[in-house]
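Trainee: One structure, as structure tokens, below. Some questions next.
The values are calculated or read from the model by the stated rules, or taken from the named source; none is laboratory data. Bear in mind that the values here come from a model prediction, so they are computed numbers and not experimental data. Here the Cβ positions follow ideal geometry from the backbone for every residue, glycine too, while neighbour counts run over all protein chains shown. Note: areas computed on protein heavy atoms with side chains; ligands, DNA, RNA excluded. Shrake-Rupley method; radii C 1.70, N 1.55, O 1.52, S 1.80 Å.
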Amino acid sequence: MKQTTLHRTETNVSRILAKSGSLSFMMNVAGVGLAVLMQLVLARLLGVVSYGYYAFVMTVITFVAFPANLGFDTAIVRFVSSYEADQLWGEVRGLLRRANQLTLLVSLVLMGISGVVIYVMYGNGQGELYYTFLTGLLIIPLMATATLRQSSLLALKQVLVAQLPEKVLRPVFCIVILYAYTVIFHVKAGAFEAMIIFVGSMLLSYLFGAWVLNRKLTPHTRDYPHRFQTKHWLSESLTLMVNSGMYLILGQLSVVMIGMMHGTSESGIFSAAVRIATMVSFAITSINMIAAPMISESYARGDLKQMQKVCTLSGRSGFAFAGLVFLTILLLGQWILGLFGEEFKAGTTALILLSLSHLVHSYCGQSGTVMTMTGQQRASSRILMISTVLNVAFNLLLIPGLGMIGAALANLLSTAFCYFSMMFKVKQSMQIVTGVWMPGRIGSKS
């Protein structure tokens with residue numbers, strides 16, 4: 001009987017991961033394809049100089065925007081999943097309202113501070129870069145609140161509609177409007193015009209996403225008053241925010257540092273390589289959206305055998321796909337970059353190194369997710385902090401002499417340290433194996 005129950009549990013895990021993971025995977029395939037297409041259209045229509053401005057500003061704004069939601073994007077996935085299971089809809093309403101209130105407040109503060117800094121740094125010339133930066137500030141509240149909405153829908157297991165606005169609608173709106181502006185009306189677009197169009201596309205996709213969330217939540221929550229646990233939520237979310245920030249630094253800091261040390265044109269080329277390289281690990285990222293709540297639920301029940309099953313199935317599936325994409329980039333990387341423009345072929349070596357970083361990430365599987373979903377975020381923070389320091393140090397050491405290749409090497413070294421450290425930490429503390437085909441056994445929860 002016990003054997004039958006175990007087999008049934010494993011079958012259920014496999015079925016859920018296969019069904020929901022496939023939906024998330026397909027959505028991310030479409031999303032990555034559209035994202036790359038959008039960058040290709042931008043690079044072609046703007047030219048390497050204006051595209052460099054645009055990519056540089058977008059990367060900086062992404063850094064500025066990340067603390068705006070105070071880590072509530074990750075906290076919502078954790079808390080709403082458990083609240084839904086216990087039918088605590090008042091807590092769900094309270095969490096989402098408080099998260100959006102605080103996020104909007106912090107976003108406005110960040111916009112004000114950033115506006116002053118931008119004026120001091122670029123206001124004298126008041127050229128294309130300056131006006132692109134000012135327009136980009138409008139992205140901060142839209143990006144921050146959109147992540148909260150996406151996390152809410154993911155926690156409710158609404159995988160498709162959670163990702164549809166950002167993965168599909170936003171790039172489609174941006175491509176269509178930009179194409180109409182430049183081709184149909186025969187007007188040359190620069191970074192400033194492209195940023196206005198992107199902000200408009202974000203607004204349209206945001207409104208659609210907010211409408212969907214309201215339709216999904218209202219039937220469950222309308223009869224429940226708001227219940228708040230602000231202090232508890234903030235305590236958890238701020239730790240998660242620090243971790244998310246360091247993940248962001250590991251992935252994007254090199255783009256900013258190249259822009260500051262080698263110019264925005266090279267930063268634009270490197271940014272294109274960064275976006276293409278993310279295709280290597282996007283399968284593990286897609287599956288993670290399904291695996292994260294399952295890992296959290298398994299840990300809460302003390303069912304480490306199911307957690308191991310989730311990690312094994314998701315890790316091997318993600319790495320298999322990552323290997324295929326890596327080989328494709330290895331063979332066709334220069335041609336892919338050439339689609340952006342002849343100048344972008346200079347980023348081929350950097351692209352291969354960046355892709356290798358994502359292959360390492362995929363090999364280590366759900367190591368970071370396991371730490372986050374099992375209350376080990378402080379240990380995760382220590383690893384991320386060391387990795388971030390290494391990333392900055394390697395960038396400062398390698399970019400001056402090697403440019404994009406140096407930045408890609410810095411990314412590879414710090415990423416490898418980060419994910420291998422997390423993988424071994426999870427194995428040591430929980431006897432859970434997240435690495436692909438790594439020997440191990442399942443122990444008890446520590």
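Trainee: Suppose we filter 102, 96, 88, 129 for residues that are at pLDDT below 90, more than 19 Å from residue 194 (Cβ to Cβ) and crowded, with 17+ Cβ neighbours inside 10 Å; which single one remains?
Mentor: Details: 102 fails: at pLDDT below 90; 96 fails: at pLDDT below 90; 129 fails: more than 19 Å from residue 194 (Cβ to Cβ).
Going through 102, 96, 88, 129 in turn, the sole match is 88.
Trainee: Just checking, does segment 217-224 include any residue being open to solvent by 50 Å² or more (accessible area, probe 1.4 Å), under 20 Å from residue 157 (Cβ atoms), in contact with a helix residue (DSSP H, G or I) (Cβ under 8 Å, 6 or more places away or on another chain) and hydroxyl-bearing (Ser, Thr, Tyr)?
Mentor: Yes, because at least one residue in segment 217-224 is open to solvent by 50 Å² or more (accessible area, probe 1.4 Å), under 20 Å from residue 157 (Cβ atoms), in contact with a helix residue (DSSP H, G or I) (Cβ under 8 Å, 6 or more places away or on another chain) and hydroxyl-bearing (Ser, Thr, Tyr).
Trainee: Which of the residues belonging to segment 191-224 are without any contact (Cβ under 8 Å) to a residue 40 or more places away in the chain and under 27 Å from residue 42 (Cα atoms)?
Mentor: Within segment 191-224, 193, 197, 200, 201, 204, 207 meet the criteria.
Trainee: Considering (1) modelled with pLDDT of 90 or more; (2) crowded, with 24+ Cβ neighbours inside 10 Å, say which one residue 380 fails and leave the rest.
Mentor: Condition (1) is where residue 380 drops out.
Trainee: Identify, from the list 237, 205, the residue that is open to solvent by less than 30 Å² (accessible area, probe 1.4 Å) and modelled with pLDDT of 90 or more.
Mentor: Only one candidate qualifies: 205.
Trainee: Based on what the data block shows, is residue 157 open to solvent by 50 Å² or more (accessible area, probe 1.4 Å) and at positive phi?
Mentor: Numbers: open to solvent by 50 Å² or more (accessible area, probe 1.4 Å): yes; at positive phi: yes.
Yes: the conditions hold for residue 157.
Trainee: Confirm whether residue 198 is buried (at least 17 other Cβ atoms within 10 Å of the Cβ), part of a helix (DSSP H, G or I) and in contact with an Asp or Glu (Cβ under 7 Å, 6 or more places away or on another chain). Can you show your working first?
Mentor: Details: buried (at least 17 other Cβ atoms within 10 Å of the Cβ): yes; part of a helix (DSSP H, G or I): yes; in contact with an Asp or Glu (Cβ under 7 Å, 6 or more places away or on another chain): no.
The answer is no for residue 198.
Trainee: Another one. Kindly indicate whether any position in segment 310-332 is within 19 Å of residue 35 (Cβ to Cβ), open to solvent by less than 10 Å² (accessible area, probe 1.4 Å) and modelled with pLDDT of 90 or more.
Mentor: Yes, segment 310-332 has at least one match.
Trainee: Here is a follow-up. Answer yes or no as to whether residue 110 is more than 30 Å from residue 55 (Cβ to Cβ) and open to solvent by less than 60 Å² (accessible area, probe 1.4 Å). I'd like the intermediate steps shown before the answer.
Mentor: Details: more than 30 Å from residue 55 (Cβ to Cβ): no; open to solvent by less than 60 Å² (accessible area, probe 1.4 Å): yes.
So residue 110 fails the test.
Trainee: Check off (1) modelled with pLDDT of 85 or more; (2) under 24 Å from the mean Cα position of the chain (by Cα); (3) of a type outside the set (Lys, Arg); (4) under 30 Å from residue 411 (Cα atoms) for residue 197 and give me the number that stays unchecked.
Mentor: Condition not satisfied by residue 197: (4).
Trainee: May I pose another question? Please tell me if residue 91 is under 19 Å from residue 237 (Cβ atoms) and not aliphatic (A, V, I, L, M). Reasoning before the result, please.
Mentor: Numbers: under 19 Å from residue 237 (Cβ atoms): yes; not aliphatic (A, V, I, L, M): yes.
For residue 91, the condition - under 19 Å from residue 237 (Cβ atoms) and not aliphatic (A, V, I, L, M) - is met.
Trainee: Output the residues belonging to segment 201-244 that are part of a helix (DSSP H, G or I) and in contact with a Phe, Trp or Tyr (Cβ under 6 Å, 6 or more places away or on another chain). Let's see the steps before the verdict.
Mentor: Applying the first criterion (part of a helix (DSSP H, G or I)) to segment 201-244 yields 201-221, 230-244.
Selection gives 201, 204, 220, 221, 237.
Trainee: Please pick out the residue among 291, 277 that is of a type in the set (Gly, Ala, Ser), closer than 18 Å to residue 359 by Cα, assigned to a helix (DSSP H, G or I) and in contact (Cβ under 8 Å) with a residue 60 or more places away in the chain.
Mentor: Values: 291 fails: closer than 18 Å to residue 359 by Cα.
The match here is 277.
Trainee: Do we have any residue at all in segment 135-157 that's in a helix (DSSP H, G or I) and without any contact (Cβ under 8 Å) to a residue 60 or more places away in the chain? Talk me through it step by step, then tell me what you get.
Mentor: First, pick out the residues of segment 135-157 that are in a helix (DSSP H, G or I): 135-136, 139-155.
Those still in the list that are without any contact (Cβ under 8 Å) to a residue 60 or more places away in the chain too: none.
No, that holds for no residue.
Trainee: Pairs under 7 Å by beta carbon, first residue within 9 Å of residue 296 (Cα to Cα) in segment 365-376, partner open to solvent by less than 10 Å² (accessible area, probe 1.4 Å) and not in a helix (DSSP H, G or I), six or more apart or different chains?
Mentor: That search, which allows pairs on different chains as well, returns 370/432; 370/434.
Trainee: Something else now. Return the only residue of 269, 276, 290, 284 being among the β-branched types (Val, Ile, Thr), in contact with a Gly (Cβ under 7 Å, 6 or more places away or on another chain) and open to solvent by less than 10 Å² (accessible area, probe 1.4 Å). Give the steps one after another, and end with the answer.
Mentor: Working: 269 fails: open to solvent by less than 10 Å² (accessible area, probe 1.4 Å); 276 fails: in contact with a Gly (Cβ under 7 Å, 6 or more places away or on another chain); 290 fails: open to solvent by less than 10 Å² (accessible area, probe 1.4 Å).
None of the others qualify; the one that does is 284.
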